[in-house]
Amino acid sequence: CSSPEKDEPKTAEENNLINGQYIGHREDAQGLLKNNDLATKNMEIVWKNVAIFVVLHSVTVYGLYLLFTFQLKIATVLFAYFYTMYAAFGITAGAHRLWAHRSYIAKLPLRIFLMLAQSAALQNDIHEWARDHRVHHKFTDSDADPHNAKRGFFFSHVGWLMCKKHPDVFTKGKTVDMSDVLNDPVVRFQRKYYLPLILLMNLTVPTYVTYCWIGEDFWTSVIVTFGRYVLSLNGTWLVNSAAHIWGMKPYDQNIKPTENKFVAAVAFGEGWHNYHHVFPWDYKAAELGNYKWNFTTCFLDFMAKIGWATDLKTTSEEIIRKRMLRTGDNSLRLTLQNQES
Ligand code: ST9
Ligand code: ZN
Ligand code: ZN
């Protein structure tokens, strides 16, 4: 005979899965709770990650205090900005537009340059980053989306990195093919040597330059390194949070991603997110071929000029217009009309 304890589910996963099928939390039998409440109720917090992010953000607040009380050298601030831009290209031009979306073809030197930059960004290795991102596009704003924006700003911004993933991410995520990414020897090299690469690119190089070349004291150099990293993480996370909540939807009003100028500015061109979710293969990740708040597109156009990037995919004006008329919220046309009149 079975004891009541034996019948009780032991883990969040047992709670949610019967024969591998997600059935919702048992308390949902009467349909009293909404899906997102259920996911939140069942989530398993990873306290180690919570502690790391709290410490990192506290150090960053002190770093910002040093910055705003003019206790940092100008060279330190300039170097931090340009190193952030380099690391950001590893994410935007590399992990995102090249490896996750295959929006262009990159020659070997560019792939090595971007792999090192992506290591400097320390946002998981290229394979893991691209896998989560492909799953995000395929199952946007559902339980299978690793940073489902329907669970609120905090969850989609950083909360998803502080708890175990929803079972749907594992099950539905398995349907996403990653063989093309793993076929790239540069990606495999990064996976093999990920720890030394991030220690070198994210920590040692920037701290060494700030300490030995610019002449800040050692602890200031370490604080600047961590602060720069945390600010760039938040810039990236805003794409998942703010650009899934606030802004216009000129291309498809039926989805959550938006056009967000502020996010585009801090995320080197990745804030035109309504467009990007509708036309994810476009290397510009934005319409109009403009360079408005899109440093990554300027960088890729330069790479195309020197022959390191080829086959840059884009979307024809006609297809964009048709889609805007069919599903857009009319906001862009109204804005353009207002500017003209
Ligand atoms: C970070 C990433 O910050 C940020 C990404 C942002 C994306 C934004 C996109 C927008 C565009 C680009 C904008 C750029 C702007 C740049 C501006 C710069 C200024 N599919 O993950 P695990 C399976 S990272 C299929 O451990 P847990 C798989 O078998 C920050 N399967 O799940 C896997 O095993 P393996 C630093 C999947 O245990 C296994 O499950 N990093 C998928 O629930 C276990 O996977 C951190 O903080 C999937 N999608 O743990 C690390 N996912 O990998 C934080 C999983 O061996 N991460 N599987 O194949 C962790 O500690 C853990 O992942 C966890 C979940 C606790 C969050
Ligand atoms: Zn998105
Ligand atoms: Zn994308």
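The values are calculated or read from the model by the stated rules, or taken from the named source; none is laboratory data. Predicted model, so just to flag it, every value in this text is computed and none were measured. FYI the Cβ positions are ideal-geometry reconstructions off the backbone, even for glycines, and counts take in every protein chain you see. Heavy atoms of the whole protein, side chains included, go into the accessibility calculation; ligands, DNA and RNA do not. Shrake-Rupley method; radii C 1.70, N 1.55, O 1.52, S 1.80 Å.
Which order do LYS174, LYS284 take by accessible area at a 1.4 Å probe, largest first? Each step should come with its number before you reach the end.
Working: LYS174 160, LYS284 25 Å².
The ranking, largest first, comes out as LYS174, LYS284.
Using a Debye calculation, one point per C-alpha and no hydration shell, please list log10 I(q)/I(0) for region 193-303 at q = 0.22 Å⁻¹ in order.
Cα-only, vacuum Debye calculation for region 193-303: -1.05.
Using r as the Cβ-Cβ distance of ASN254 and VAL54, and R0 as 45 Å, what FRET efficiency do you calculate, to the nearest 0.05?
Details: r = 37 Å, r/R0 = 0.83.
Here the calculated transfer efficiency is 0.75.
For region 185-341, build the charge dipole from Cβ charges (+1 Lys, Arg; -1 Asp, Glu) around the Cα centre, then report which of LEU197, TYR208, TRP281 sits farthest towards its positive end.
Checked the options; the winner is TRP281.
Full-extension gain between MET85 and ASP180, please, as 0.36 nm times their residue separation minus the C-alpha to C-alpha distance.
31.5 nm
Give the accessible surface of region 114-208 per residue, rounded to a whole number of Å², with probe radius 1.4 Å and ligands, DNA and RNA excluded.
Per residue, region 114-208 has 42 Å² of solvent-accessible surface.
List the chymotrypsin sites (Phe, Trp or Tyr not before Pro) in region 179-220 that DSSP assigns to loop (not H, G, I, E or B) and whose Cβ has at most 14 other Cβ atoms within 10 Å. Which are they?
TYR193
Of all accessible surface on region 292-331 at a 1.4 Å probe, what whole percent is carbon and sulfur?
On the way: 1530 of 2530 Å².
After summing per-atom areas, the C and S share lands at 61 percent.
Report the Cα centroid-to-centroid distance between region 46-77 and region 203-227 in angstrom, as an integer.
Their Cα centres are 13 Å away from one another.
If packing is taken as the average number of other Cβ atoms within 10 Å across a peptide's residues, how do 313-326, 270-283 rank, most packed first?
Ranked by mean Cβ neighbours within 10 Å, highest first: 270-283, 313-326.
Looking at region 57-106 from every direction and averaging, what is the projected area of its Cα convex hull in nm²?
4.6 nm²
Ignoring ligands, DNA and RNA, please state the percent of accessible area on region 78-120 from carbon and sulfur, probe 1.4 Å.
85 percent
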